[in-house]
Protein chains: 2
Amino acid sequence: MPKAKQINSTKINSTENIFLGIDGGGTKCCALLVDANGAELGRGIGGSANAYQNLLQTQNSIITATHMALRAANLPDAALKNIVAGVGLAGVNVPSVFTAMNAWQHPFKTLHLSTDLHIACLGAHQSDGAVIVAGTGSCGYAFVNNQATIIGGHGFLLGDKGSAAWIGLAAVKAVLLAADNLASPTDLSELLSDYLQAKNIALVEKLSNASSADFAQLARFVFIAADKKDETATKILCEGADYLSALAELLWQTKPPRMAMLGGVAQAIQPWLTPNVLARLSAPLQQPEFGAVCFARQKESA
Amino acid sequence: MPKAKQINSTKINSTENIFLGIDGGGTKCCALLVDANGAELGRGIGGSANAYQNLLQTQNSIITATHMALRAANLPDAALKNIVAGVGLAGVNVPSVFTAMNAWQHPFKTLHLSTDLHIACLGAHQSDGAVIVAGTGSCGYAFVNNQATIIGGHGFLLGDKGSAAWIGLAAVKAVLLAADNLASPTDLSELLSDYLQAKNIALVEKLSNASSADFAQLARFVFIAADKKDETATKILCEGADYLSALAELLWQTKPPRMAMLGGVAQAIQPWLTPNVLARLSAPLQQPEFGAVCFARQKESA
């Protein structure tokens, strides 16, 4: 195998820069290799890369994803020395984590570090702009005239309103209140009990070790129930979307040229946003890993 | 030491019953020894005793608390064989946990097992009745004509509205929303940042490993702010108390002779309950460990 790779290797000049874009989050780490002209060479994927939760694992995930991308590009390991990496990671918004991650003795030529939010925003707009993230968690981010603004993103327990995990958690709470006759009956009771194979109080035991990602899986049932005019589901989506709309209005105050919505529930929640917010949303241009490449290029030319 | 104890030992007949009441919860395990006439012999305390979370630790905590109570009563270890134990534990409402706990090869003459809620209710009323628990968590319980009713008690993440932990969590959420300009300013911001030595977004990192007990510690600041007419604090307490009032109204439907409120925020939240609920509350007669003794006696005479 190594020999065959060597023979088929893409020819690169030993001093030529290759650009690597890394998008690292809690569940996975995506790597994209492009040449000096911006042409895609290969992609790779690695495990969890939340630098706040686990620094060493994050570094290992980046290496795994990069090696996979090198193999896909038919490039030898020696090409690591040509790599200018743009790395966007969850968790490096915490200053101590940024410092620790930046001290990494990485195998690349250069490594430029930023947050997952910043590279997602750069990917979506290729320049200044704002993003509302509504995935497992939720957050607002704008980058305008070298000034970053972060709103929300406080995590599953303390915030993340309008996110998939928040919507799923709200659904479980509503079902349990209804089971106790302390809230109106809702179609969510049957939808959740069918899916989780647990009813009423048994839901508590079933979900005792559930992660935010597990709760995020339940969000789709709230959209299904709201489509059928279920009052409880409608109320949950209105509350979540109102928060995201308020967050968008604050982001507009930073005067970004464009705003996009990203994440797993971005499409589904859009009809629930205020008309003013919805009308001004643009489609994201590129994925976050392209934003990471863009970030690396900006830093090299700075 | 063992010899001195032997010499000073309380005289008990080798066939005489001693009653042990155990009140086991997530933070501690309280033991109370009384003689056949109900006279208190001694008390002891052990560690965590949530049978759902850790069965072996629960059994160890019971043994530790019992040995301490025996020493306080000047009774030898041999007296374990005279003990009729009434044991009320958190977590044994889950059927599989009840079965596992009941299979314990305990050192007592007899062991009668029930939930922490049941013995708390028996302690409060010495007979049928209902309790609203508003401590770290919240729950409603009634025992009327051999029929138990449980409302709520779904835990920190999924419910426990009106509890100290829920009030504390709501305060943190409100402070973070205010910091993002997504909610009204509140006195809670200064109260929490003074206590936690962390402001706005730094609260998120500070509380990243906080337990429900840690959030419960923050509840008192909500009462302080509400006393000074802070709108956010007032809204939190109204929402929590409305839930507890609704829970009380449901419990009254089971026709309990008396209802009492127990737990760390029971006193402070009472002025926020509906007048109808408040007017019908009685003071608890005894602590839960007396309820556990009462339960053991009932079972022996059954």
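To keep it simple, each residue is scored yes or no on (1) open to solvent by 20 Å² or more (accessible area, probe 1.4 Å); (2) at pLDDT below 95; (3) within 11 Å of chain B (Cβ to nearest Cβ).
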| site | (1), (2), (3) |
| --- | --- |
| A:Ala174 | no, no, yes |
| A:Val204 | yes, yes, yes |
| A:Ala225 | no, no, no |
| A:Lys229 | yes, no, no |
| A:Thr232 | yes, no, no |
Which is buried (at least 23 other Cβ atoms within 10 Å of the Cβ) and within 11 Å of chain B (Cβ to nearest Cβ), of A:Gly162, A:Gly240, A:Gly140? A:Gly140
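Being in contact (Cβ under 8 Å) with a residue 60 or more places away in the chain, on the phi < 0 side of the Ramachandran plot, surrounded by fewer than 20 Cβ atoms within 10 Å (Cβ to Cβ) and within 18 Å of the chain's Cα centre (by Cα) narrows it down to one residue among B:Thr110, B:Thr27; which is it?
Working: B:Thr110 fails: within 18 Å of the chain's Cα centre (by Cα).
Selected residue: B:Thr27, the only one of B:Thr110, B:Thr27 that is in contact (Cβ under 8 Å) with a residue 60 or more places away in the chain, on the phi < 0 side of the Ramachandran plot, surrounded by fewer than 20 Cβ atoms within 10 Å (Cβ to Cβ) and within 18 Å of the chain's Cα centre (by Cα).
Could you go through region A:180-190 and let me know if any residue there is more than 23 Å from B:Ala246 (Cβ to Cβ) and surrounded by 17 or more Cβ atoms within 10 Å (Cβ to Cβ).
First pass over region A:180-190, keeping only residues more than 23 Å from B:Ala246 (Cβ to Cβ): A:190.
Subsequent filtering for residues that are surrounded by 17 or more Cβ atoms within 10 Å (Cβ to Cβ) retains none.
Within region A:180-190, none of the residues are more than 23 Å from B:Ala246 (Cβ to Cβ) and surrounded by 17 or more Cβ atoms within 10 Å (Cβ to Cβ).
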Could you say whether any residue in region A:89-99 is within 30 Å of B:Gly159 (Cα to Cα), open to solvent by less than 10 Å² (accessible area, probe 1.4 Å) and away from chain B (no Cβ under 13 Å)? no
Please state which of the following conditions A:Ser212 fails to meet, knowing it meets all the rest: (1) out of contact with any helix residue (DSSP H, G or I) (no Cβ under 7 Å at 6 or more places or on another chain); (2) open to solvent by less than 60 Å² (accessible area, probe 1.4 Å); (3) within 14 Å of chain B (Cβ to nearest Cβ); (4) not aliphatic (A, V, I, L, M). (1)
What residue, among those in region A:255-269 that are small (Gly, Ala, Ser) and part of a loop (DSSP other than H, G, I, E, B), is least open to solvent (accessible area, probe 1.4 Å)? A:Gly263
Of the criteria (1) of a type in the set (A, V, I, L, M); (2) crowded, with 23+ Cβ neighbours inside 10 Å; (3) outside any helix (DSSP H, G or I), which one B:Leu285 fails: (2)
Given the conditions (1) farther than 20 Å from B:Arg297 by Cα; (2) more than 18 Å from the chain's Cα centre (by Cα); (3) more than 10 Å from chain A (Cβ to nearest Cβ); (4) open to solvent by less than 30 Å² (accessible area, probe 1.4 Å), and given that B:Val131 satisfies all but one, which numbered condition is not satisfied? (2)
Go through the residues of region A:192-200 one by one and say whether even a single one is within 17 Å of B:Phe156 (Cα to Cα) and more than 18 Å from the chain's Cα centre (by Cα). yes
Filtered residues of region B:143-153 (kept if open to solvent by 30 Å² or more (accessible area, probe 1.4 Å) and closer than 25 Å to B:Asp214 by Cα): B:Gly153
Report every pair of residues separated by at least 6 positions or lying on different chains whose Cβ atoms are under 7 Å apart, first residue within region B:177-189 and more than 9 Å from chain A (Cβ to nearest Cβ), second part of a loop (DSSP other than H, G, I, E, B) and open to solvent by 40 Å² or more (accessible area, probe 1.4 Å). B:Ala178/B:Ser184; B:Ala178/B:Pro185; B:Ala179/B:Asn200; B:Ala179/B:Ile201; B:Asp187/B:Lys228
Which listed residue, of A:Asp77, A:Asp128, A:Asp116, is charged (D, E, K, R) and out of contact with any strand residue (DSSP E or B) (no Cβ under 8 Å at 6 or more places or on another chain): A:Asp77
Flagged in region B:142-167 as in contact with a strand residue (DSSP E or B) (Cβ under 7 Å, 6 or more places away or on another chain) and part of a loop (DSSP other than H, G, I, E, B), in numbering order, are B:Gly153, B:Gly159, B:Asp160, B:Lys161, B:Gly162, B:Ser163
Only unsatisfied item for B:His118, checking (1) closer than 15 Å to B:Ala296 by Cβ; (2) assigned to a strand (DSSP E or B), is (2)
May I ask you to list the residues in region A:114-128 that are over 14 Å from A:Thr149 (Cα atoms) and surrounded by fewer than 23 Cβ atoms within 10 Å (Cβ to Cβ)? A:Gln126, A:Ser127
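The values are calculated or read from the model by the stated rules, or taken from the named source; none is laboratory data. In this text the structure is predicted, and so the values were computed from the model without any measurement. Glycine gets a Cβ as well: all are built from the backbone with ideal geometry, and neighbour counts include every protein chain shown. These area figures cover heavy atoms from the full protein model, side chains too; ligands, DNA and RNA do not enter into them. Shrake-Rupley method; radii C 1.70, N 1.55, O 1.52, S 1.80 Å.
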